[in-house]
1. Skipping prolines and chain starts, which residues have an amide H placed within reach, meaning under 5 Å, of the one on residue 85, given they are 5 or more residues away or on another chain?
2. With a 1.4 Å probe and every protein chain left in place, tell me how much accessible area residue 156 has, in Å² to the nearest 10.
3. Using a 1.4 Å probe, what is the accessible area per residue for the chain, in Å²?
4. Could you size up the charge dipole of the chain around its Cα centre, putting +1 on the beta carbon of Lys and Arg and -1 on that of Asp and Glu, and report it in debye to the nearest 20?
5. Between the alpha-carbon centers of region 251-280 and region 168-241, tell me the distance in whole angstrom.
6. Residue 151's amide H: which non-local residues (gap 5+, or another chain) put their own amide H closer than 5 Å, with H modeled 1.01 Å from N in plane and none for Pro or chain starts?
7. Provide the percentage of antiparallel DSSP beta bridges, counting only those with both residues in the chain; round to the nearest 5.
8. Quick one: 3J(HN,Hα) in Hz for region 226-236, Karplus 6.51/-1.76/1.60 with θ = phi - 60°, rounded, Gly and Pro as x.
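The values are calculated or read from the model by the stated rules, or taken from the named source; none is laboratory data. Just so we're clear, the structure is a prediction, and the values are computed from it rather than from any experiment. With ideal geometry, Cβ positions are generated from the backbone for all residues, glycine too; neighbour counts draw on all protein chains shown. When the accessible area is computed, the model is the full protein with side chains, heavy atoms only, and any ligands, DNA or RNA have been set aside. Shrake-Rupley method; radii C 1.70, N 1.55, O 1.52, S 1.80 Å.
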Amino acid sequence: MSASTSSPTPTTDPDGVKGAFANHGEVSLWYQRFEGATGSTPLLLINGLGSPSVAYQKGFIDELTAAGFDVVRFDNRDLGRSTRITTGTANDPGYRLSDMALDAVAVLDAVGWDQAVVFGQSMGGMIAQQLAIDHPGRVSALVSLMSSTGNRTVGHPSESAKAGLMAVPPSDREGWIASRVETEQYWASPDLWDPVWVAAKGAAMFDHGVDPKGTARQYRAVVASPMRDEALANVTVPTLVIHGSADALIDPSGGRHTAACIPGARYVEIDGMGHDLPPALWARLARETATLVD
């Protein structure tokens, strides 16, 4: 594998928090730490497909710190300020979810955390699951949000959501944000979808660093990675699986199946939630996560 650090480098850190880099071989992962009160529980946020770290918005992080967590968010490889992968083929990016789990380990090492609650959304949930499978000693508890196990018989998208996911957005800022607003409504929480909020979040994501080619490589890594059903049976840490009843991108069967594969996992299905993180749900998600360490 060869890599490139051609990702954008904005002059100011988003949300006013200084960032740093963690290294995994040739890959550098940009991260930020939002420190909670003394004695707070370490929590690592892992992002979904095509989403740089700022997709976990500061307001949500504030809810998590208020709930007793010390929070780190980072850019997955191929997005944001992290390394772009420059090899691979049209069908194979040259890495798998297991490699992205090692990226997360590198971030934990850089922060100085032996363990953390690992919270992953969508593809990030898949990476979090893989991290718990491959490196169980680094995970104190697991939150898999709007995700699945790689089992192709569950978690299917609607046709409109699938089309929106696969659409290649314009490369200019205004066009990219407009495309984000248009496509996100296909899988958003129906009663909470707000185009103004989506546009503002999209602007932050674009400015921090999006990359359609990188997103495509991440997608191929997901597809090429093995199903985790059997391996998840060996996960013994406290686990919370959260899914939305209105998720049109990974339908709720994906979350239910994930919970069924992990011994003792608690499943929470939030009525009306889609495949997004609208502000109205931030406090609820933080409270649910806090139950893992109460």
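1. 4, 78
2. 90
3. Here the residues of the chain average 40 Å² of exposed surface.
4. The calculated dipole for the chain is roughly 400 debye.
5. 16
6. 228
7. Roughly 35 percent of the DSSP beta bridges within the chain come out antiparallel.
8. x, 4, 9, 3, 5, 5, 5, 5, 9, 6, 10
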